[in-house]
Each structure stands twice: as structure tokens, then as C-alpha cells.
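Remarks on the structure that follows.
The values are calculated or read from the model by the stated rules, or taken from the named source; none is laboratory data. What you see is a predicted model, and the numbers here were worked out from it, not measured in a lab. Counting neighbours? That spans all protein chains shown, and the Cβs are built from the backbone with ideal geometry, glycine included.
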Amino acid sequence: APEAVWCPACGLSALAPTTQRDALIALAKQSILSKLHLPARPNVTQPMPRGALLTALRRTRVRPVDTALPSGIPRGGGGGSGPHLRSSTSRSVRLHFHFARELAGSNEILQATLHLFWAVPGPGTHPVTVRLLQPDPTGLNTTVASETRLEVQRDGWATLDVGRAVQSLFGQGSRRLTVELEVAEDWGSPLLAIHSDSHRPFVAAQARARTPHRVQRR
Amino acid sequence: SIDCSGDSRMCCRKEFFVDFKEIGWEDWIIQPEGYHMNYCAGLCPLHMAGIPGLAASFHTAVLNLIKANNADAAVDSCCVPTQRRPLSLLYYDRDSNIVKTDIPDMIVDACGCT
């Protein structure tokens with residue numbers, strides 16, 4: 001529109017979303033090819049199997065000092081604040097948050113937020129998958145209640161809304177929220193700072209006592 | 001800097017991820033899986049001018065300049081990248097060699113008003 005303030009990226013917003021997407025993808029292709037001084041994308045005749053190639057690359061890359069979690073991690077407290085670490089493999093770690101009985105009792109959870117402090121291993125973007133697990137009806141296994149993929153770029157706190165998951169747990173009579181974090185192989189353990197109290201993951205929940213239903217008399 | 005969300009009209013950073021598999025490039029680009037082609041968009045009204053990353057001192061200087069030279073003489077400022085980083089690519093070139101290249105300033109991390 002003539003009165004709109006002109007600037008390079010404003011024109012994009014006037015396009016229909018699909019046209020906008022196509023325009024951006026065409027721009028990305030052209031930008032990468034021109035920066036690589038390629039007239040067109042190369043036609044690879046016999047690519048190596050991707051898995052074998054990535055394994056070989058991992059082997060060639062100097063592995064960072066394994067940042068396995070120190071063994072003496074203090075056990076998490078109750079009250080839904082400190083996590084218990086269990087079954088952590090090199091790629092993933094599980095945090096168990098136990099909520100105090102009085103919170104899980106006759107309260108309505110208004111909101112609940114998971115706070116995680118990331119300590120990234122180096123520059124760039126590090127993908128992390130955060131899964132909220134809940135016990136299945138038998139209570140023997142866990143099922144994935146929700147999965148969120150994050151791109152972590154720098155150290156610092158990140159928050160995730162876990163309100164719905166906590167409400168459904170309480171609805172099932174459970175008082176334990178299990179969070180699984182999965183990272184790429186070469187990240188080691190994502191929550192390096194977990195053993196320092198000031199950076200331990202925690203869940204902040206806001207609840208309201210359920211007022212007994214008042215019967216409205218007409 | 002601000003990431004664009006919903007209908008924010010002020011200068012902000014729009015995230016846009018190009019998945020190489022979706023565009024059929026995953027056979028020749030080995031790593032990474034995609035390219036964060038973020039870009040800057042939004043309005044830079046005068047009072048926002050000169051705030052790349054909210055540099056207060058520069059902001060004040062610009063405001064004084066505008067007052068000194070009466071506002072309507074000042075040109076519009078624009079929403080541009082203020083922080084960028086390289087895109088590291090591992091790919092097959094035309095001779096099927098595996099090449100690793102870092103292309104500078106390809107990923108926009110932050111936007112601000114000129």
C-alpha cells in the first residue's frame with residue numbers, strides 16, 4: 001500500500017503466506033548457491049550412505065571432554081522443585097519432579113512453568129527435544145504427553161509451559177512429572193549446571209484452592 | 001532485539017527455517033539439516049531510530065539530532081540485522097568432493113532500527 005513505510009522486508013508481509021514461503025525458499029536457494037559460487041545445485045552421482053558419513057565425521061571430530069554428570073548429585077527435594085536424575089544415557093536425561101501432597105490435593109492448577117538452565121557446549125544452535133512423560137494407566141510405563149523441540153543458542157534460563165501436563169497428572173492422581181531431555185550426541189549432558197543449586201531445573205506452579213461448590217438457591 | 005510474534009508491527013526478527021529435505025537438497029548438503037533464514041521486518045518510527053540492541057547513548061544522540069534539525073527533515077529509519085552469524089555447511093561439490101564451508105553473516109540473530 002502506498003502509505004506503508006517502505007523497507008526491504010515489508011513487501012514480504014503483503015504477499016499471501018504460500019507465495020511468501022516460496023519467495024523465501026527461492027531466496028534461500030539463490031543466496032546459498034551464490035555464496036558457494038555454484039551456478040546450480042550439484043548433482044551428486046554416488047553419495048555415501050548418510051549414516052556412515054555422519055558416523056565417520058563424528059569420529060574425526062575431536063570429542064569434547066565427556067561432560068557426564070558428577071555422581072554425587074544431591075537428590076531432589078519434594079515440593080515440585082528439585083528434580084531426581086535417573087536413567088540418563090549419553091543422549092538423554094530424565095528429570096522427575098515430585099509435587100507436595102498439599103499441592104496435589106484439593107487445588108486447581110492455574111499455571112505451571114518448567115524452568116531449565118542450559119549450558120551450551122559451544123557456538124551455534126543446539127537442538128533439544130523436551131518430552132513430558134506421564135504414567136500409563138497401569139503405572140508401569142510412561143507415555144509421551146507432549147514433545148517440544150527447542151533450538152538452544154546460548155547459555156541461560158528457558159521456560160516451558162507444563163500447566164496442562166501437571167493438571168492431567170493431578171487428574172490421574174499422580175504427583176510426579178517426568179521430563180525427558182534429548183540432545184545430539186556431542187552435547188554430553190545438557191544441564192551441566194544441574195548440580196549447582198542456583199541453576200537446578202524447577203517447576204513453578206500457581207494453584208487455587210477449590211472452593212466447595214456453593215449451591216445457588218433461587 | 002525482539003522476535004516477531006503474532007501481529008507485532010514494530011521492528012523485529014522473523015524466524016524462517018528452510019528444511020533441506022523439504023526442498024530436495026538433503027542429498028548434496030550433508031550438514032546441517034536446514035538453514036535458519038531469519039529476516040528483519042517491521043516499522044521503525046522515529047522514536048525507535050538508532051536502537052540497534054537498545055544502545056541508549058546512541059539513541060539519545062539521534063533524538064537530539066532530530067530535535068536540532070526538526071523532525072520532519074529526518075528520514076525514516078529501517079529495520080535491519082544488527083547481529084549475524086555464519087552458516088556452516090558440509091556438502092558435496094560438483095566433483096563429489098566433500099567440502100566444509102562457513103558462509104559469514106548468513107544467519108540473522110538480532111534486528112534493530114538504523
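For the stretch A:17-45, what are the residues that are within 7 Å of chain B (Cβ to nearest Cβ), out of contact with any Lys or Arg (no Cβ under 8 Å at 6 or more places or on another chain) and outside any helix (DSSP H, G or I)?
Listed by number, the residues that qualify are A:Leu36, A:Val44, A:Thr45.
Search the stretch B:90-103 for residues being closer than 23 Å to A:Pro123 by Cα and at the interface with another protein chain (Cβ under 9 Å from one of its Cβ atoms), and hand back the single one that is surrounded by the most Cβ atoms within 10 Å (Cβ to Cβ).
Checking each candidate, the answer is B:Tyr91.
What's the total number of residues in the stretch B:80-114 that are touching a helix residue (DSSP H, G or I) at 6+ places or on another chain (Cβ under 6 Å) and farther than 19 Å from A:Lys29 by Cβ?
Of the residues in the stretch B:80-114, 1 are touching a helix residue (DSSP H, G or I) at 6+ places or on another chain (Cβ under 6 Å) and farther than 19 Å from A:Lys29 by Cβ.
Looking at (1) modelled with pLDDT of 90 or more; (2) under 15 Å from A:Pro123 (Cα atoms), which is the only condition B:Gln83 fails?
(1)
Taking into account only those residues within the stretch A:115-158 that are outside any strand (DSSP E or B) and of a type in the set (Val, Ile, Thr), which is nearest to B:Asp19 (Cα to Cα)?
For the stretch A:115-158, the residue satisfying everything is A:Thr125.
Pairs under 7 Å by beta carbon, first residue closer than 12 Å to B:Asp93 by Cβ in the stretch A:26-50, partner in a loop (DSSP other than H, G, I, E, B) and acidic (Asp, Glu), six or more apart or different chains?
Here the result reads A:Pro42/B:Asp93; A:Val44/B:Asp27, each pair linking the stretch A:26-50 to a residue that is in a loop (DSSP other than H, G, I, E, B) and acidic (Asp, Glu).
For residues in the stretch A:46-75 being in a loop (DSSP other than H, G, I, E, B) and at pLDDT 50 or above, which is surrounded by the fewest Cβ atoms within 10 Å (Cβ to Cβ)?
The residue in question is A:Gln46.
Can we say A:Leu110 is out of contact with any Leu (no Cβ under 6 Å at 6 or more places or on another chain), modelled with pLDDT of 80 or more and surrounded by fewer than 19 Cβ atoms within 10 Å (Cβ to Cβ)? Break it down stepwise before answering.
Values: out of contact with any Leu (no Cβ under 6 Å at 6 or more places or on another chain): yes; modelled with pLDDT of 80 or more: yes; surrounded by fewer than 19 Cβ atoms within 10 Å (Cβ to Cβ): yes.
Criteria met by A:Leu110.
For the stretch A:142-188, name all the residues that are out of contact with any strand residue (DSSP E or B) (no Cβ under 7 Å at 6 or more places or on another chain) and more than 21 Å from A:Ala204 (Cα to Cα).
A:Gln153, A:Arg154, A:Glu185, A:Asp186, A:Gly188
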